[in-house]
Structures are given as structure tokens and as C-alpha cells.
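Have a look at the structure below before the remarks.
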Amino acid sequence: MKIFNTMTRTKQEFKPINEGKVGIYVCGPTVYDYIHIGNARPMIVFDTLRRYLEYKGLEVNYVSNFTDVDDKIIQKANAENVDSKVISERFIEECKKDMAALNVREATTHPKATEEIDDMIAMVAELIAKDYAYVVNGTVYFRTRKFRDYGKLSKKNIDDLRAGNRELLVSGEDEKEDPLDFVLWKPKKEGEPFWQSPWCEGRPGWHLECSVMSKKYIGDIIDIHAGGEDLIFPHHENEIAQSEAANGTEFARYWMHNGFLKINNEKMSKSLGNFFTVREIGEKYDLQVIRFFMLSAHYRSPLNFSADLVESSKNGLERIKTAYAKLQELCANGTDGDMSAQEASFVKQLDGYVEKFEAAMDDDLNTADAISVIFELVKFANTTTTEGATKSYAKAVADKLAMLADVLGIIVEQKEDLLDDEIDALIAERQAARKEKNFARADEIRNLLLDKGIVLEDTREGVRWKRA
Ligand code: AMP
Ligand code: ZN
């Protein structure tokens, strides 16, 4: 498989450090709110990478963190007058629900920054000992200029950066030796969570978290480090500086970055009012459609989210599911006995689709082309399963279709529908749970219904529901 490596800006043949095994680290979300649909892109894309590598027989150690200590979390906790752990735990749970609905598998490990503080302190101490870091008034800074390779991922020249950063000198950061130096550990402010350290009661800098968690759960060298393209600078550049300075070895062999998701060709932002959470989108669409939509573009291209494009993904996915349902129907009710000679020759052609699919995925995870191959297979299935098709032929085609879709995390099985009575009973149970202030159960029922494509609407006359 070839992977476009941001470090070399070329497609390179992927060779794991240890044969048969891959360590992947994907920078995860900061958990202060529901994840937005932009955050869902790296989750879906790199989950698909993991699935494909596993399909090829590799054992994948997939690590993706939750940043659970951060200014935004603290702000929200203060606004709600609760501990910041209450906020981070709440949104980790919500994020996991969204991931499940997007069919993003749980990582091998989802480390939380607040549970790895001892190792963070150890790395900071190591960097100080090696003279890559220094302490001023309790704050520990990384001595950026000492790391000779600084800028190698983002291709930034350190002198240009310095010129662009001059204004920092007058923004209260003048205690630094150099404006390019960044924080490894900072003192607490009033009302903030903190940990004891040799330098002050405080908390880690964001960049440090990933260097430490990837080292602990994967090792000094990671096979693939991934995230959104906004993270290339400064986040990943700083991770490299910290890790390579501390560990004395290369940090990551391959760097993969997804392009940004835009909405109606504009940048997604709260102020523009075009900012959607996965949860909101899940009320309008089956999140399987969103997964399919995200994979219909190459992961490095910018992707525009619009109702029209999602609608066309919905139709595309429906076409695949309908073909699969037809094959399933034939598996149950088709002709018994051996395949015809013609069917046997069709079966041989199935491998051609698998090869084409793999060729697309081997070319830097080209899921867009891989989906085109699935459509070709659907067409082939539709034209070759005419009246009288055997059960065994239908099964051979259905299995191939399901196998390829599964590599992309696309579920082709139709969901069995809930009966109206069952829906009414669940709604009544939800109302009762709400009355008893058992909101967890009420949410659970709402999500369960959502999962079955039932959207609830609370109106003055009571709860209404519709099939999405
Ligand atoms: P954050 O919580 O902002 O650190 O983001 C978590 C992940 O989502 C990172 O890998 C980001 O690069 C990625 N991300 C954030 N916004 C977008 C977007 N609009 N499109 C694609 N990826 C995004
Ligand atoms: Zn990171």
C-alpha cells in the first residue's frame, strides 16, 4: 500500500516497523461539547485505514486520545459550576455514542490526558535534563531553536517563523527566551484543575499530551501518525520536537492528514452559524449516510457538506443496500443446487472487483475509487442475478459485496423496522423516564429509536415521531 506522507510530500510504500504489526496514533477531540461533523472526518477516514490494514492481515494497535484538560473545558465547567471532569466525562460518553452511530470502532486504547500526568511530568523532566527545556516562574518552555529539525513537517523556516512571531514579545510572553518557545507545563490559575509537579502546581501543555500518550501506548516510534491538516503546525511540529528531543529517535514514520470539511463551501464556524454537531445531523440523516458521504471523497481533498451532496450519498447507499437485500432474498428463495456454468464464470469475475477495490485502497486510501468499484459490483450483481439464479451464486455475490462494504465500515444489511406499537411503547417509556428525571434512560431510548431511523419531535401536544 502507498501512503502520502506529509513529511516527504510523496506517496511512499508503507512498510511497518515490525512485520505484521502497525501502530497508529490519531489526535482525538477536545471534549468540551458534542463533536462536530468536521471532527467526524478524521475519525471515519482513519477508522477506514485501520479496517483496511486489518483486512490485509496486519495487527493494528490504534490509539486515539481524548484531550480532557483544556481552557474550553474549564470555561464550560465554571459556567455550569461543576468540576471539569464532569464536563469531559459527559462529552467523552457522547462522543463514543456518535462514533458508534458512525460505525467508527473503539480504539485499542483511548487514553485520557488527565490519566497520564505522571508520564508527562517525566517527559518534561527529561527535556529539562537534556537542556531542551527551561523553567521560568513555574512555567516550563521547550527551547524550540535547539531542536535543529524544527519545521521539517510543515516545511516552515524557523527564521521566517521568528519574524512572524515578533508581536508575541509584547503579549505577556516576554519571559520566554525566544518567542518560538512553547509551553510544556504551566502554572494553575484560580479555579483550574492542577497537579503537583517539581515546577509548580499546574497542568500540561496540549502538545505534550500526544507525545506522551503515543509513547506509552505505541512506543518511541509510531508507524502512522494522523489527524486533520490544521494540526500540521504547530501541533504536530511541536510533538515531533518534544518526542525526538526526549527519545532521541524518529517520532513517526508516516504522517497522514485529512483535508477539511466545509459547509456550503464556507469554513465551518460557530460565528457563521453553519456549525453542525454529529448529533444534530443524526436527527436528519442516518449517520451511515454521513460515513458513506465522507468516504466518497479522497481524504486529502477538501470536502463540501451540502444537503444536495448528502442526498446523493443517501441515494447511492440505498442502491447498494437494495442490491444486497435482493441478493439476500435470493439466498433464501433462489434455486437450490449447484451453480450454472455461466454463474460459475461470473463468480470468477468477482475477484476482479476485489482486486480493483484493493488497488484503489492501496493508492493512498482512495475510498472514492473504492466506492466506484462497489457500484460496479452492484451493477454486475443486478445484471447477473436474473430469474432462476441459484442460492449459492447469490451468496457468493452477497458475501463479496458485504466484505468490501465492511472494509469501509459501511453496513449493507437493512435495519429491521420497528412496528408502530413498539415505537409507541418506547416513547411512553421515555416519557415515564423523563418524569422520574431519569434522563440517561430517556436519552438511551431516544438514541435507540434514532438508530432505527425514528426521529422524535417534542411538541406541545406531545411527542410526535417520523421515520427518517
Ligand atoms: P479538535 O478537537 O479541534 O482538536 O479536533 C479534533 C480533530 O478533528 C483534529 O484531527 C482536527 O484536525 C479535526 N478537525 C477539526 N475540524 C475539522 C474540519 N472542519 N474538517 C476536518 N477535520 C477537522
Ligand atoms: Zn496530537
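Readers should treat all values here as calculations from the given coordinates under stated rules, not as data from a laboratory. Being a predicted model, the structure only gives us computed values, none of them experimental. Cβ atoms come from the backbone with ideal geometry, glycine included; neighbour counts cover every protein chain shown.
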So, in nm, how far is label K189 from label Y55 when the simple model puts each one 7 Å beyond its Cα toward the Cβ? 4.7 nm
Say a paramagnetic label sat at a point 7 Å from the Cα of R467, along Cα to Cβ; which residues of the stretch 253-294 have their backbone N under 19 Å from it? 283-289
Can you give me the angle between helix 237-247 and the longest principal axis of the chain, using Cα atoms only, in degrees from 0 to 90, rounded to the nearest 10? 70 degrees
Return one number: the angle in degrees, 0 to 90 and rounded to the nearest 10, between the long axis of the Cα atoms of helix 71-80 and the longest principal axis of the Cα atoms of the chain. 80 degrees
Counting other Cβ atoms within 10 Å, which GluC sites (Glu not before Pro) in the stretch 1-106 have at most 15 and lie in a DSSP loop? E19, E106
Using a Förster distance of 30 angstrom, determine the FRET efficiency expected from the C-beta separation of V135 and D71, and round it to 0.05. 0.85
The alpha-carbon center of the stretch 373-413 and that of the stretch 7-58 are separated, in whole Å, by 27 Å
With label points set 7 Å from each Cα along the Cα-to-Cβ direction at E126 and N247, the distance between them in nm comes to 0.8 nm
Give the share of C-alpha pairs in each 10 angstrom bin for the stretch 341-393, from 0 to the last occupied bin, in whole percents, shortest bins first. 24, 46, 23, 7, 0
Which shape class, rounded, prolate or oblate, goes with the stretch 1-62 when its Cα gyration tensor gives a ≥ b ≥ c as root eigenvalues, a/c under 1.5 marks rounded, and past that a/b bigger than b/c marks prolate? prolate
Using 0.36 nm per residue, how much length does the chain from I92 to E177 gain when fully extended, once their Cα-Cα distance is taken away? 26.9 nm
May I ask you to compute the full-extension gain from L309 to V354, defined as 0.36 nm times their residue separation minus their alpha-carbon distance, rounded to one decimal in nm? 13.5 nm
With +1 on the Cβ of every Lys and Arg and -1 on the Cβ of every Asp and Glu, the dipole magnitude of the chain about its Cα centre, in debye rounded to the nearest 20, is 620 debye
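With +1 on each Lys and Arg Cβ and -1 on each Asp and Glu Cβ, how big is the dipole of the stretch 420-467 about its Cα centre, in debye rounded to the nearest 20?
Numbers: 11 positive and 12 negative charges, 46 e Å.
Charge dipole of the stretch 420-467: 220 debye, to the nearest 20.
Express in nm, to one decimal, how much length is gained between D369 and S269 on full extension, taking 0.36 nm for each residue of separation and deducting their alpha carbon distance. Let's see the in-between values first.
Values: separation 100, 0.36 × 100 = 36.00 nm, distance 3.02 nm.
Extra length available between D369 and S269 comes to 33.0 nm.
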Loop-resident sites, the stretch 352-453, for trypsin sites (Lys or Arg not before Pro), counting at most 14 other Cβ within 10 Å (DSSP): K415, K437
Relative to the longest principal axis of the chain, what angle (0 to 90°, nearest 10) does the C-alpha long axis of helix 391-407 take? 10 degrees
Roughly how far apart, in whole Å, are the Cα centres of the stretch 287-322 and the stretch 100-133? 34 Å
How many angstrom separate the Cα center of the stretch 446-462 from the Cα center of the stretch 206-274? 37 Å
quick note, the stretch 195-291, DSSP beta bridge pairs, % antiparallel (nearest 5) is 25 percent
Residue order, fewest to most surrounding Cβ atoms within 10 angstrom, among T144, T383: T383, T144
The set of residues whose placed amide H lies less than 5 Å from the amide H of G205, leaving out same-chain residues fewer than 5 positions away, is W185, K186
What fraction of the DSSP beta bridges in the chain is antiparallel, stated in percent and rounded to the nearest 5? 50 percent
Tell me, what HN-Hα J-couplings in whole Hz come from the Karplus equation 6.51 cos²θ - 1.76 cosθ + 1.60 at θ = phi - 60° for each residue of the stretch 209-214, using x for Gly and Pro? 3, 5, 4, 6, 5, 5
Kindly provide the helix-only [θ] at 222 nm of the chain, computed as the sum of -39,500 (n - 2.57) over DSSP H runs of four or more divided by all residues, to the nearest 500 deg cm²/dmol? -15000 deg cm²/dmol
Return the FRET efficiency for the residue pair R148, D230: r is the Cβ-Cβ distance, R0 is 35 Å, and the value is rounded to the nearest 0.05. 0.90
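Order these by the 10 Å Cβ neighbour count, fewest first: D286, D424.
Details: D286 20, D424 13.
So the ranking, lowest neighbour count to highest, is D424, D286.
Counting other Cβ atoms within 10 Å of each Cβ, which GluC sites (Glu not before Pro) in the stretch 351-437 have at most 15 and sit in a DSSP loop?
Values: sites: E355, E358, E376, E387, E413, E416, E422, E429, E436; in loops: E387, E413, E416, E436.
Taking the stretch 351-437 and a limit of 15 other Cβ atoms within 10 Å, the loop GluC sites (Glu not before Pro) found are E387, E413, E416, E436.
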Using 7 Å Cα-to-Cβ label points, what is the I17/D336 separation (nm, one decimal)? 5.8 nm
Spelling it out for S340: with amide H atoms placed in the peptide plane at 1.01 Å from N, the residues 5 or more places away or on another chain with amide H under 5 Å from its amide H are T390
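Compute the FRET efficiency between N78 and R9 as 1/(1 + (r/R0)^6), taking r as their Cβ-Cβ distance and R0 = 51 Å, and round to the nearest 0.05. Let's see the in-between values first.
On the way: r = 43 Å, r/R0 = 0.84.
Plugging the Cβ-Cβ distance into 1/(1 + (r/R0)^6) gives 0.75.
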